[in-house]
Amino acid sequence: MRELFDRAQGVRLDRAAYVSDFDERFWRIGAEGFWKLECLQNYQETGFPSWEAFRGGDWAGALRLIDELRPEFARYYGQVRAAGIGLHRVRVVERPVSPYLQWELHVLRARGAFGEDSVVVTADRAATAVGPEPLPDLVVLGTEAVYEIHYTSDGTPDGATRFTAPAAVDRARSLVQRLGQDGERLDAYFVREIAGLGAPSW
């Protein structure tokens, strides 16, 4: 996927700098929207109460804590709608579904109830669409920037590389959109593949 950025110059940002840069740009992106591609099958989300409960083996508690986020989601997504921003996420899923993915898809379904548009694409369909090379995790903010998100070997967030060259931003958005076209709406996938699963085990 190196051709995605071609010869564009990227700026490496540590985790704090990435969050600050993202927050500064996000609210002005408008109708071009937010596009996210998630590819890893496990992330560390230390500090997120539902993830902490899930990781600690309290599946019922993890689901309850997701449900308790609904008022917060309602406020946040109301602000996003008022700013005219569309939120789009493409989630690559390998089989069998990892415990983390089983948990995360519950979170994404809750977010979807308030306006986040999520699509699931299986790893084999993604490979058919764009080739077998591993895909990067990407965040595209309108026409402003694309971030290649970095993680440590255990899935802990480790900042990002920011690209602002218009051609690189356009290519990244097109990639996420193309993968989304090969995917399935989260709600349909969730009902068929996730809803009937018992508590995940590590």
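The values are calculated or read from the model by the stated rules, or taken from the named source; none is laboratory data. Just so it is clear, the structure is predicted and the values come from calculations on it, not from any experiment. Every residue, glycine as well, gets a Cβ built from its backbone with ideal geometry; the counts of neighbours run over all protein chains shown. Note: accessible area is taken over every heavy atom of the protein model, side chains too, but ligands, DNA and RNA are not part of it. Shrake-Rupley method; radii C 1.70, N 1.55, O 1.52, S 1.80 Å.
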Quiz item: At a 1.4 Å probe radius, carbon and sulfur cover how many percent of the accessible area of the chain?
Solution: 51 percent
Quiz item: Ignoring ligands, DNA and RNA, what accessible area per residue does region 51-107 give at 1.4 Å, in Å²?
Solution: 47 Å²
Practice problem: Please report, to one decimal in angstroms, the Kirkwood hydrodynamic radius of region 136-202 built from all distinct Cα-Cα pairs. | Solution: 14.4 Å
Exercise. Restricting to the chain, compute how many DSSP beta bridges are antiparallel as a %, nearest 5.
Key: 65 percent
Practice problem: For region 126-173, run through the trypsin sites (Lys or Arg not before Pro) and keep only the ones in DSSP coil with at most 12 other Cβ atoms within 10 Å of their Cβ. | Solution: none
Practice problem: Would you mind computing the Rg to Rh ratio of the chain from its alpha-carbon coordinates, Kirkwood style for Rh? | Solution: 0.94
Quiz item: Where the centroid of each part is defined by its Cα atoms, how far is region 31-85 from region 87-117 in Å?
Solution: 9 Å
Quiz item: So what is the relative contact order of the chain, in percent, for Cα pairs below 8 Å that sit 6 or more residues apart?
Solution: 32 percent
Quiz item: Any idea of residue 85's accessible area? Nearest 10 Å², probe 1.4 Å.
Solution: 10 Å²
Self-check item: Rounded D (µm²/s) - region 18-125, Kirkwood Rh over Cα pairs, Stokes-Einstein at 10 °C, 1.306 mPa s
Solution: 105 µm²/s
Quiz item: Which far-off residues, 5 or more places away or on another chain, put their amide H under 5 Å from the one on residue 118, with H placed in the peptide plane?
Solution: 89, 186
Quiz item: Taking only protein heavy atoms and a 1.4 Å probe, what accessible area per residue, in Å², does region 109-183 have with all protein chains in place?
Solution: 41 Å²
